[in-house]
Amino acid sequence: MAYKQHFIEWFSGKQLPSYWTMSETEGTATMQDAVDGGFKLVTNTATRQNVKMNFNNKRQYSQSGSVYIAVGKDFKTTSSGSSIFGFFGDIGDDLPNNSVAYQSDLGSNKWLCVSRDTSTHSTDSTKTLDTDFHTFKIENKASSIEYSVDGSLDITKSGSYNQPASTMQPALHVSTGGGGGTESASIRYMECYNT
Amino acid sequence: MTDSIYDQLNASGTVAKQRVVETFSGDALDTDRWNTVAWAGSPTSGMSNAVNGGYNITCTSSGDGESIGFGSSRTNGIAQYSYNSSAIIFVETVSTKTNISVSSSGLSNEIRPDGAGNNASLHVIKSAFTYFTLRTVGVAGSQTDVSSSVTQDTAEHVVKIENKASSVEHTLDGVLEGISSTNLPVLALQPNFGIQSSVTATVTKNITYCEAYNT
């Protein structure tokens, strides 16, 4: 069997490796000098502030046969804004076209399992939004998506779920949204591979 | 077998703690991850152009010293590993067992080659020693040295140092060789690899693998 693309990021060291692109930095993005601290993205407090890390549209992962794993957290459970861990088709919008992700929804205090071609399909995760680190896994299959949290299957999407229609890149975006106020997320592991 | 490295490294349902794996392979040291801190003199360092070559730090003059770690300077490190629940595994050699003032490898709060400072758990080689030694360094710079049963040599060794709640364990080539329970570190740590020469002679430390993780 041929080897397929496989990527691991430890978020440990002096700074973020240069193969990442910070496509928007309306805030800070820094390696944390703290035990298990990983890498932290923090927005400014104004509305519509974004901090986005991605592969600058180098899309090496299949929308129908790939896995995204991240160990990450949101720092808030209420108010406005969101953090989005997943595969993205583009780098422009908060959730660009052709993306799949776990997205914190501070307004509803939930994690959302989102998928998008040109419209967004959103299903509430079974995981209540908290400020702990969690392991998020998203597996893109030919005609379904499986979302898992901390090793347990969370949500399975099949049928009509706005499956991404083109290839994707690893990403983490944080945004204050329309409400303003600082939004923050940390990540200390990411693994992506095609299946 | 699962394709996921994560699933191979972590029990099901476990939220992984910080981990890093460095293979010291490429055209240069990954300076996004590592910083080279010159301690004294004019040591040289770089990736080796040899089979199993890894990364070399070479001292040629008396007192030369250099170390690599995760910080932007000796005292400004990115310390992501716990002083009482972490481990580091590495593969290293030294080119000679003489002419070494200190070779220190392990986890340290500072980036320094001399095995001193504060807060560290280190695999230490010195010309003055007969055996490979575990050194723990406490908050006030006090040190505890625990000799292993393995005579210092120039062969390649796999070293593991595990920081536990009330001790530090030193394992060489899969055999537990020493335990220190005094002068333990009390601050967060980062990987640190350094060497300092004692005379004007060529002394090289070579590293081919490093893995650190919280437990």
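By accessible area of protein heavy atoms, probe 1.4 Å, what ranking do A:Asp90, A:Asp117 get, highest first?
Numbers: A:Asp90 65, A:Asp117 40 Å².
Sorted by accessible area, descending: A:Asp90, A:Asp117.
What average number of partner chain Cβ atoms lie no more than 10 Å from the Cβ of the residues making up B:69-76? Mind dumping the intermediate values first?
Numbers: counts 2, 6, 3, 2, 0, 0, 0, 2.
Taking all residues of B:69-76 together, the mean is 2.
Students often forget the sequence filter, so: which aspartates and glutamates lie under 18 Å Cα-Cα from B:Lys126 once same-chain residues fewer than 8 apart are removed?
Within the straight-line cut-off, B:Lys126 pairs with B:Asp64, B:Glu66, B:Glu92, B:Asp114, B:Asp145, B:Asp153, B:Glu156, B:Glu177.
Which FRET efficiency value, to the nearest 0.05, is calculated for A:Leu153 and A:Ser64 with the Förster distance at 22 angstrom and r the Cβ-Cβ distance? Let's see the in-between values first.
Details: r = 19 Å, r/R0 = 0.86.
The computed FRET efficiency comes out at 0.70.
Taking 7 Å along the Cα-to-C-beta vector as the label spot, tell me the B:Thr202-A:Ser119 distance in nanometres, rounded to one decimal.
Placing both labels 7 Å beyond Cα along the Cβ direction yields 7.1 nm.
Compute for chains B and A the buried accessible surface, both sides summed, probe 1.4 Å, and express it in Å² to the nearest 100. Spell out each step's value before the answer.
On the way: alone 9330 and 8380 Å², together 15300 Å².
Interface area, both chains combined: 2400 Å², rounded to the nearest 100.
Between B:Thr75 and B:Ser95, what is the spin-label point distance in nm, taking each point 7 Å from the Cα along the Cα→C-beta axis?
Simple spin-label model gives 3.2 nm for this pair.
Would you grab the residues whose amide H sits under 5 Å from the one on B:Ile100? Only those 5+ places off in sequence or on another chain, please, with H modelled 1.01 Å from N.
So B:Ile100 has HN proximity to B:Ser127, B:Ser198.
For segment B:44-167, what is the accessible area per residue in Å², given a 1.4 Å probe and the full set of protein chains?
Numbers: 4260 Å² over 124 residues.
Heavy-atom SASA per residue in segment B:44-167 reads 34 Å².
From the phi angles alone, apply the Karplus equation (6.51, -1.76, 1.60; θ = phi - 60°) to segment A:156-163 and give each ³J(HN,Hα) in whole Hz, x where the residue is Gly or Pro.
In residue order, the calculated couplings are 10, 9, 8, x, 9, 9, 6, 4 Hz.
How much length is gained if the chain between A:Ser160 and A:Ser79 is pulled fully straight, taking 0.36 nm per residue apart and subtracting their Cα-Cα distance, in nm to one decimal?
Between A:Ser160 and A:Ser79, full extension yields an extra 26.1 nm.
Can you pull out the trypsin sites (Lys or Arg not before Pro) in segment A:15-66 that DSSP calls coil and that have at most 15 other Cβ atoms within 10 Å? The partial results should precede the final answer.
Details: sites: A:Lys40, A:Arg48, A:Lys52, A:Lys58, A:Arg59; in loops: A:Arg48, A:Lys58, A:Arg59.
Taking segment A:15-66 and a limit of 15 other Cβ atoms within 10 Å, the loop trypsin sites (Lys or Arg not before Pro) found are A:Arg48, A:Lys58.
How about segment A:34-69: which of its residues lose at least 40 Å² of accessible area in the presence of all protein chains relative to their chain isolated, using a 1.4 Å probe?
SASA drop of 40 Å² or more in segment A:34-69: A:Val35, A:Asp36.
Loop-only chymotrypsin sites (Phe, Trp or Tyr not before Pro) in segment A:1-72, please: DSSP not H, G, I, E or B, and at most 10 other Cβ atoms within 10 Å. Please report the intermediate quantities before stating the final value.
On the way: sites: A:Tyr3, A:Phe7, A:Trp10, A:Phe11, A:Tyr19, A:Trp20, A:Phe39, A:Phe55, A:Tyr61, A:Tyr68; in loops: A:Tyr3, A:Trp10, A:Phe11, A:Tyr19, A:Trp20, A:Phe55.
Counting only loop positions with at most 10 other Cβ atoms within 10 Å, the chymotrypsin sites (Phe, Trp or Tyr not before Pro) in segment A:1-72 are A:Tyr3.
Apply the Karplus parameterisation 6.51 cos²θ - 1.76 cosθ + 1.60, with θ equal to phi minus 60°, to every residue of segment B:58-70 and state each ³J(HN,Hα) to the nearest whole Hz, in sequence, with x for glycine and proline.
For segment B:58-70, the Karplus-derived couplings read 10, 10, 10, 10, 4, x, 3, x, 8, 8, 10, x, 9 Hz, x marking Gly and Pro.
Would segment B:17-214 count as rounded, prolate or oblate if I go by the C-alpha gyration tensor, calling it rounded below 1.5 in a/c and otherwise prolate when a/b exceeds b/c, oblate otherwise? Numbers along the way, then the final one.
Working: a/c = 1.36, a/b = 1.18, b/c = 1.15.
It is rounded, given that a/c, with a ≥ b ≥ c, falls under 1.5.
Let me have the 222 nm mean residue ellipticity of chain B computed from DSSP H runs of 4+ only, each contributing -39500 (n - 2.57), with the sum over all residues rounded to the nearest 500. Display every interim value, and only then the final one.
Values: 1 runs with 5 residues, N = 215.
After summing the helix terms and dividing by residue count, I get -500 deg cm²/dmol.
From the cross-link list A:Lys4/A:Lys141; A:Lys4/A:Lys52; B:Lys164/B:Lys205; A:Lys73/A:Lys110; A:Lys73/A:Lys137, which pairs have alpha carbons spaced over 19 Å apart?
Numbers: A:Lys4/A:Lys141 15 Å; A:Lys4/A:Lys52 26 Å; B:Lys164/B:Lys205 27 Å; A:Lys73/A:Lys110 13 Å; A:Lys73/A:Lys137 13 Å.
The pairs that break the limit, which is 19 Å between Cα atoms, are A:Lys4/A:Lys52; B:Lys164/B:Lys205.
Can you list residues whose amide H is under 5 Å from B:Arg112's amide H, if they're 5+ apart or on another chain and H is modeled 1.01 Å from N?
Those lying under 5 Å, H to H, from B:Arg112: there are none.
Run the quick spin-label model on B:Ala28 and B:Leu187: label points 7 Å from Cα toward the beta carbon, then report their separation in nm to one decimal.
The answer from the label model is 3.0 nm.
Can you list residues from other chains, or at least 5 along the same chain, whose modelled amide H is less than 5 Å from the amide H of B:Ser62?
Amide H to amide H, under 5 Å and 5 or more residues apart or across chains, B:Ser62 pairs with B:Thr200, B:Ala201.
Give me the accessible area per residue for segment A:1-94, probe 1.4 Å, as a whole number in Å². Can you show the working numbers first?
On the way: 3890 Å² over 94 residues.
Per residue, segment A:1-94 has 41 Å² of solvent-accessible surface.
Carbon and sulfur atoms: what percent of the 1.4 Å accessible area of the protein assembly as shown do they account for? Provide the component values of the computation, followed by the final result.
Details: 6900 of 15300 Å².
Carbon-and-sulfur percentage of accessible area, whole number: 45.
The values are calculated or read from the model by the stated rules, or taken from the named source; none is laboratory data. As the structure is a prediction and not an experimental result, all values here were calculated from the model. In this analysis, Cβ positions are derived from the backbone assuming ideal geometry, glycine residues included, and neighbour counts consider all displayed protein chains. These area figures cover heavy atoms from the full protein model, side chains too; ligands, DNA and RNA do not enter into them. Shrake-Rupley method; radii C 1.70, N 1.55, O 1.52, S 1.80 Å.
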